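The values are calculated or read from the model by the stated rules, or taken from the named source; none is laboratory data. All values derive from a computational prediction rather than experimental measurement. All Cβ positions, glycine included, derive from the backbone under ideal geometry; neighbour counts span all protein chains shown.
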Amino acid sequence: MSDTTTTADVETIDNPDANRYEARVSGDLAGFSQYIRTDELIAFVHTEVDPAYEGRGIGSALVRSSLDAARVQGVPVLAVCPFYTAWIARHPEYQDLLYTSKSRVTD
């Protein structure tokens, strides 16, 4: 494995059977983002990057890919995972995807 992995070398896919997005480099699983999907939203609950790939943009590739997919699908995102929360805070162009509760107002 090369120490010069770039986001261009990262393939991200949605694996709905495992409820996660996966990042692969040369076919090897480099990381994943676990999610829970409901009729109302997609909640990203955990992101993990293999230590051998840390610091190479794997986590960012996972977040960007999954949020771009959510945008295309028109699904709001609940960022439970601290990595997602921090990443979205640094990328305001994705903040419009954040889920807002439709709670009822009662008297």
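Tell me which residues, restricted to the stretch 74-107, are over 21 Å from Leu29 (Cβ atoms), assigned to a loop (DSSP other than H, G, I, E, B) and either of a type in the set (A, V, I, L, M, F, W, C) or under 10 Å from the mean Cα position of the chain (by Cα) (or both).
Restricting attention to the stretch 74-107, the residues satisfying the condition of being over 21 Å from Leu29 (Cβ atoms) are 74-80, 82, 85-86, 88-107.
Within this subset, residues satisfying the condition of being assigned to a loop (DSSP other than H, G, I, E, B) are 74-76, 80, 91, 99-107.
Hits for the stretch 74-107 are Val75, Val80, Val105.
Got a number for residues in the stretch 92-107 being farther than 14 Å from Phe44 by Cβ and modelled with pLDDT of 95 or more?
Within the stretch 92-107, the first condition is being farther than 14 Å from Phe44 by Cβ, and the residues that meet it are 92-93, 95-96, 100-107.
With modelled with pLDDT of 95 or more added as a condition, the list becomes 92-93, 95-96.
So the answer is 4.
Can you name the residue in the stretch 40-73 that is basic (Lys, Arg) and assigned to a helix (DSSP H, G or I) and is also farthest from Asp9 (Cα to Cα) among such residues?
Step one: of the stretch 40-73, the residues basic (Lys, Arg) are 56, 64, 71.
From what is left, the residues that are assigned to a helix (DSSP H, G or I) are 64, 71.
Details: Arg64: 15, Arg71: 23 Å.
Only one residue tops the list, namely Arg71.
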* **Close pairs (8 angstrom Cβ cut-off, 6 or more residues apart or separate chains): farther than 16 Å from Val49 by Cβ in the stretch 14-29, at pLDDT 95 or above and not in a strand (DSSP E or B) anywhere** => Asp14/Ser66; Asp14/Ala69
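So, in the stretch 49-93, exactly how many residues are of a type in the set (D, E, K, R) and surrounded by 21 or more Cβ atoms within 10 Å (Cβ to Cβ)? Outline the logic, then answer.
Taking the stretch 49-93 as the starting set, the residues that turn out to be of a type in the set (D, E, K, R) are 50, 54, 56, 64, 68, 71, 90, 93.
Going one step further and asking which of them are surrounded by 21 or more Cβ atoms within 10 Å (Cβ to Cβ), we end up with 56.
Counting residues in the stretch 49-93 that are of a type in the set (D, E, K, R) and surrounded by 21 or more Cβ atoms within 10 Å (Cβ to Cβ) gives 1.
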* Structure fact -> Exception for Ser33 within (1) part of a helix (DSSP H, G or I); (2) polar (S, T, N, Q); (3) in contact with a Lys or Arg (Cβ under 9 Å, 6 or more places away or on another chain) falls at (1)
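Out of all the residues in the stretch 21-48, which are closer than 16 Å to Gln73 by Cα and crowded, with 16+ Cβ neighbours inside 10 Å?
Going through the stretch 21-48, the residues closer than 16 Å to Gln73 by Cα turn out to be 21, 35-44.
Within the stretch 21-48, Tyr21, Tyr35, Leu41, Ile42, Ala43, Phe44 meet the criteria.
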